[in-house]
Amino acid sequence: MATLSFNAARFRAPPLQSLRHNLNFASYVKPTSFLSKNLPRKHLLQKFRLDSISESSVSTQNGPEIEEEEDREEQAQGEDYDDPTFELSYLDPETDPESITEWELDFCSRPILDIRGKKVWELVVCDDSLSLQYTKYFPNNVINSVTLKDAIESVSEELGLPLPEKVRFFRSQMQTIITKACKELGIKPIPSKRCLSLLLWLEERYESVYTRHPGFQKGSKPLLALDNPFPMELPENLFGEKWAFVQLPYSAVREEISSMKTRYVFGASLDLDLLGIEIDDKTLIPGLAVASSRAKPLAAWMNGLEVCAVEADTSKASLILSVGISTRYTYATYKKTPVTTSEAEAWESAKKSCGGLHFLAIQEDLDSDDCVGFWLLLDLPPSPV
């Protein structure tokens, strides 16, 4: 079975030698002095292997007959999990159910036709560590908030999980149904593209499950495509005073993420082990630093936006901030010259070379060694489903 991994290749980002400008581009931010704290390795990539669910430790004290029986059961389970029509209901036995307070959810059609020639719909639920994995197919004539509400309750009952406090989802077209179902259950719905575990799992399922399904329709386009709307004007409370293209070694980025829980810093991290991104510690990760005399209030406002990506739009000489599901802001502008265009292109190139990994940092001053807000971001290609 394929393992769900973002990219096993070793990325190397080109150094950003020219990102310096005397007008709207501030000078480089000094490498931040980060607290060092090592997090335990969870080896979460193993959880993407659907056949790993049937693995178990068999004691030799059970005797050969019991071992043979368990082997047969495991083989039968393995055959089920290899069946593309199989519906998954799994909770990591080593995970405390009470600790899973946030789910990631997708409820959408798949490139699969049923016996009526209609598209099959599917509910996919997980948490950010994939300790929770649940899938269920539905015919297209029962798609509504009541069906989804009942299905969410079924996930909780089948796996002995409490209902989550929050549910993240990334399709704007399903916002009404998902919001209504969640609110009836007392769950806070959060429209957000920071559903990276879910998006990566869907990408893996497309290759290992949907394309092998007997009803798969090759070339079928997603019914509910993701939005990419025209950027809006940035709200006044999100304005910074200065900004700069910056870079940090990958080792420093990891240490910053590790230390976020021990310091009072706004922001959001990513589980780099889960994503399976392999980058050399010395590789420079591109980022955007924003300075403001009201840095803490600015970071607090940003913290409620579900920040997902920053993009340099060289055609319009601007930076685009993407938040939530489909909200895009013109975050900053600069004077368009051959030099600034080259700088912006180099920054985007570095981001792509790092597999889309980049960051946003908010500081009181661009020469400060500390951040009051730090968001690790990842640009992913659109979901194939």
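The values are calculated or read from the model by the stated rules, or taken from the named source; none is laboratory data. The shown structure was predicted, so the numbers you read here are calculated from the model rather than taken from an experiment. For neighbour counting, all protein chains shown are included, and Cβ atoms are generated from backbone atoms with ideal geometry for every residue, glycine included.
Between LYS47, LYS118, LYS42, LYS37, which is of a type in the set (D, E, K, R), modelled with pLDDT under 95 and under 30 Å from THR176 (Cβ atoms)?
Values: LYS47 fails: under 30 Å from THR176 (Cβ atoms); LYS42 fails: under 30 Å from THR176 (Cβ atoms); LYS37 fails: under 30 Å from THR176 (Cβ atoms).
Every option except LYS118 fails the conditions.
Looking at the range 184-205, I want the residues that are touching a residue at least 60 places away in the same chain (Cβ under 8 Å) and closer than 15 Å to CYS108 by Cα and have a partner that is of a type in the set (A, V, I, L, M, F, W, C) and surrounded by fewer than 20 Cβ atoms within 10 Å (Cβ to Cβ) with Cβ atoms under 6 Å, at least 6 apart or on another chain. Which pairs are those?
As it stands, the answer is LEU199/LEU380, since those pairs meet every condition given.
Out of PHE245, PHE230, report the one residue that is aromatic (Phe, Trp, Tyr), in a loop (DSSP other than H, G, I, E, B) and in contact with a strand residue (DSSP E or B) (Cβ under 9 Å, 6 or more places away or on another chain).
Details: PHE245 fails: in a loop (DSSP other than H, G, I, E, B).
Result: PHE230 is the single residue among PHE245, PHE230 that is aromatic (Phe, Trp, Tyr), in a loop (DSSP other than H, G, I, E, B) and in contact with a strand residue (DSSP E or B) (Cβ under 9 Å, 6 or more places away or on another chain).
Those residues that are among the small types (Gly, Ala, Ser) and touching a residue at least 60 places away in the same chain (Cβ under 8 Å), I need them from the range 83-101; list them, please. Don't jump to the end; show me each part of the working.
Taking the range 83-101 first, the residues among the small types (Gly, Ala, Ser) are 89, 99.
Hit for the range 83-101 is SER89, nothing else.
Those residues that are farther than 19 Å from PRO229 by Cβ, in contact with a Leu (Cβ under 7 Å, 6 or more places away or on another chain) and assigned to a helix (DSSP H, G or I), I need them from the range 171-196; list them, please.
Scanning the range 171-196 gives ILE177, ILE178, ALA181, LEU196.
Residues of the range 269-291 being in a strand (DSSP E or B) and either buried (at least 20 other Cβ atoms within 10 Å of the Cβ) or outside the structural domain of TRP301 (by TED's automatic domain parsing) (or both), which ones? Write out each step before concluding.
Here is the first cut: in the range 269-291, the ones in a strand (DSSP E or B) are 278-279, 284-291.
Result: ILE279, LEU284, ILE285, PRO286, GLY287, LEU288, ALA289, VAL290, ALA291.
Can you pull out every residue in the range 329-343 that is part of a helix (DSSP H, G or I) and in contact (Cβ under 8 Å) with a residue 12 or more places away in the chain?
Of everything in the range 329-343, those that are part of a helix (DSSP H, G or I) and in contact (Cβ under 8 Å) with a residue 12 or more places away in the chain turn out to be VAL339, THR340, THR341, SER342, GLU343.
For the range 248-259, which residues satisfy the criterion of being surrounded by 20 or more Cβ atoms within 10 Å (Cβ to Cβ) and in contact with a strand residue (DSSP E or B) (Cβ under 7 Å, 6 or more places away or on another chain)?
Listed by number, the residues that qualify are LEU248, TYR250, VAL253, GLU256, ILE257.
Filter the range 292-304 for residues that are under 28 Å from LEU130 (Cβ atoms) and of a type outside the set (Gly, Ala, Ser); which is surrounded by the fewest Cβ atoms within 10 Å (Cβ to Cβ)?
In the first step, residues of the range 292-304 are kept if they are under 28 Å from LEU130 (Cβ atoms); the result is 302-304.
From what is left, the residues that are of a type outside the set (Gly, Ala, Ser) are 302-303.
Details: MET302: 23, ASN303: 16.
Among residues in the range 292-304 that are under 28 Å from LEU130 (Cβ atoms) and of a type outside the set (Gly, Ala, Ser), the one surrounded by the fewest Cβ atoms within 10 Å (Cβ to Cβ) is ASN303.
Answer yes or no: is there a residue in the range 209-222 that is among the charged types (D, E, K, R), at pLDDT below 95 and either surrounded by 20 or more Cβ atoms within 10 Å (Cβ to Cβ) or touching a helix residue (DSSP H, G or I) at 6+ places or on another chain (Cβ under 9 Å) (or both).
Yes - at least one qualifying residue is present in the range 209-222.
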